[in-house]
């Protein structure tokens, strides 16, 4: 998932810099015609005026943090943090529809910091330090905590519009991590193939434990419920946490999580897209066969209008970077392959065959693979027109894994008709796509009721797009029942 670079002035008085295309599984760049750029009109830096209830005492210490700094803010949502310098709009550009309302009226404390780490890809705040986090503590707390990892290889503010704003407006404390490495060179982190992705899981576990302690110190009691949620790579983290550390969570909401499994995950279907799409796009006698091959690989019929953009922006870069992370020996000394190489070129990712790769490669994938053995309730959703992570190879497959592991009663899985991987594309194709953001919110409230003992969510099914709904109606609600 490549990202066109954007020239944005970072908030908080940080120096301007070119933002690298923050690739991969749901990095969601601003879609065609939807490029976003935002610079705060007045940046207050990370030490804003201390007002409101949070000014009553010293901010909590974050256990294990190597550095932290806190601010008492009149507004914790992006309605205030863009101007005050407590978010970075470049982190979340392209992840939500342009007309998504921004809630406001949430005063509280924000803590920014980082855990010990040796990699330096995250330049937020001028720290040049990875394992950065943000923790937000609203003055008016509902007793809950939401934790999240970022989509793609974005930094810690990537969920601010899609998730943080909304859960804060409902009274939750919120914490997010950059996952321990960011940007196009994330695969350089670690010593062994797969180390960078494995660190993502470790970092979310670390942050969850720390955030629970911070909440207890700030409010005088532990959170009554802790929910993990995230988009794409962040959704993968939700699944992994509920499989491996269910004791830390009450439940989770997985929004189109990346499926790494013994089949090779995206490395098993992205090469087909790279190999076949050029023949499809060229037309002529080979076009029909190429289209059929793409369908057979999982790219759904009816999604063809999305293929040109995904070929140009996502498929090639995603395959090359994640293959480099898990199988760096495939192309020898070349780092992350050759962009848009023709099939037959030595070391070309269009010809990559995961099944034929050495056992060491399969072991690397196995280290990060999911099992389906979730230990707490999970509500999962994915769009049927997702052509970065085709639903038949991702959400459908993970639901089968959960059932095969005997954990089916803990899962509710909703297929969202006409949803795609990144909501910025809804602005480009408003008559053909529906936004996923309101569907995620419906999934979250369904989990809330489930955890509160107010009834299990409806059985998993495909959620139809209302035939008579206009863009504003689709952005306002997404009933799952």
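The values are calculated or read from the model by the stated rules, or taken from the named source; none is laboratory data. Here the structure is a predicted model, which is why all the values come from computation and not from measurement. Note: ideal-geometry Cβ built from the backbone for every residue, glycine included; neighbour counts use all protein chains shown.
I'm told residue 333 meets every condition in (1) within 30 Å of residue 432 (Cα to Cα); (2) surrounded by fewer than 17 Cβ atoms within 10 Å (Cβ to Cβ) except one. Can you identify the failing condition by its number?
(1)
In the stretch 249-277, what residues are touching a residue at least 24 places away in the same chain (Cβ under 8 Å), farther than 21 Å from residue 440 by Cβ and outside any loop (DSSP other than H, G, I, E, B)?
Correct list: 265, 266, 267, 268, 270, 271, 272, 273, 274, 275, 277.
Consider residue 317 carefully, then state whether it is touching a helix residue (DSSP H, G or I) at 6+ places or on another chain (Cβ under 7 Å), crowded, with 22+ Cβ neighbours inside 10 Å and at pLDDT 95 or above.
So residue 317 fails the test.
Residue 379 fails exactly one of the following numbered conditions: (1) surrounded by 20 or more Cβ atoms within 10 Å (Cβ to Cβ); (2) within 25 Å of residue 295 (Cβ to Cβ). What is the number of that condition?
The single condition residue 379 does not satisfy is (2).
Which count do you get for residues in the stretch 221-234 that are under 27 Å from residue 423 (Cα atoms) and either free of Cβ contacts under 8 Å to residues at least 24 places away in the same chain or in contact with a helix residue (DSSP H, G or I) (Cβ under 8 Å, 6 or more places away or on another chain) (or both)?
Applying the first criterion (under 27 Å from residue 423 (Cα atoms)) to the stretch 221-234 yields 226-234.
Retained after the next criterion (residues that are either free of Cβ contacts under 8 Å to residues at least 24 places away in the same chain or in contact with a helix residue (DSSP H, G or I) (Cβ under 8 Å, 6 or more places away or on another chain) (or both)): 226-231, 233.
Residues meeting the conditions: 7.
Do you know which residues across the stretch 185-220 are more than 19 Å from residue 154 (Cα to Cα) and in contact (Cβ under 8 Å) with a residue 12 or more places away in the chain? Talk me through it step by step, then tell me what you get.
Residues of the stretch 185-220 that are more than 19 Å from residue 154 (Cα to Cα), as a first pass: 191-193, 209-220.
Passing the criteria: 192, 193, 209, 210, 211, 212, 213, 214, 215, 217, 218, 219.
Report whether or not residue 300 is surrounded by fewer than 21 Cβ atoms within 10 Å (Cβ to Cβ) and more than 25 Å from residue 396 (Cβ to Cβ). Spell out how you get there, then give the answer.
Values: surrounded by fewer than 21 Cβ atoms within 10 Å (Cβ to Cβ): yes; more than 25 Å from residue 396 (Cβ to Cβ): no.
No: the conditions fail for residue 300.
Can you pull out the residues in the stretch 430-459 that are in a loop (DSSP other than H, G, I, E, B) and out of contact with any helix residue (DSSP H, G or I) (no Cβ under 7 Å at 6 or more places or on another chain)?
From the stretch 430-459, those in a loop (DSSP other than H, G, I, E, B) are 430-436, 452-459; that's our starting set.
Listed by number, the residues that qualify are 431, 436, 452, 453, 454, 458, 459.
Quick check, is residue 432 within 21 Å of the chain's Cα centre (by Cα) and either more than 17 Å from residue 228 (Cβ to Cβ) or touching a residue at least 40 places away in the same chain (Cβ under 8 Å) (or both)?
Working: within 21 Å of the chain's Cα centre (by Cα): no; either more than 17 Å from residue 228 (Cβ to Cβ) or touching a residue at least 40 places away in the same chain (Cβ under 8 Å) (or both): yes.
So residue 432 fails the test.
If a residue has to be closer than 14 Å to residue 380 by Cα and part of a loop (DSSP other than H, G, I, E, B) to count, how many in the stretch 201-241 make the cut?
Qualifying residue count for the region: 1.
Are any residues in the stretch 438-462 under 23 Å from residue 392 (Cβ atoms) and either in contact (Cβ under 8 Å) with a residue 60 or more places away in the chain or surrounded by fewer than 16 Cβ atoms within 10 Å (Cβ to Cβ) (or both), and if so, which ones?
440, 443, 457, 458, 459, 460, 461, 462
Given the structure, is residue 171 at positive phi, outside the structural domain of residue 336 (by TED's automatic domain parsing) and in contact with a helix residue (DSSP H, G or I) (Cβ under 7 Å, 6 or more places away or on another chain)?
Details: at positive phi: yes; outside the structural domain of residue 336 (by TED's automatic domain parsing): yes; in contact with a helix residue (DSSP H, G or I) (Cβ under 7 Å, 6 or more places away or on another chain): no.
In short, no.
Find the residue count for the stretch 131-154, including only residues that are under 30 Å from residue 259 (Cβ atoms) and out of contact with any strand residue (DSSP E or B) (no Cβ under 7 Å at 6 or more places or on another chain).
3
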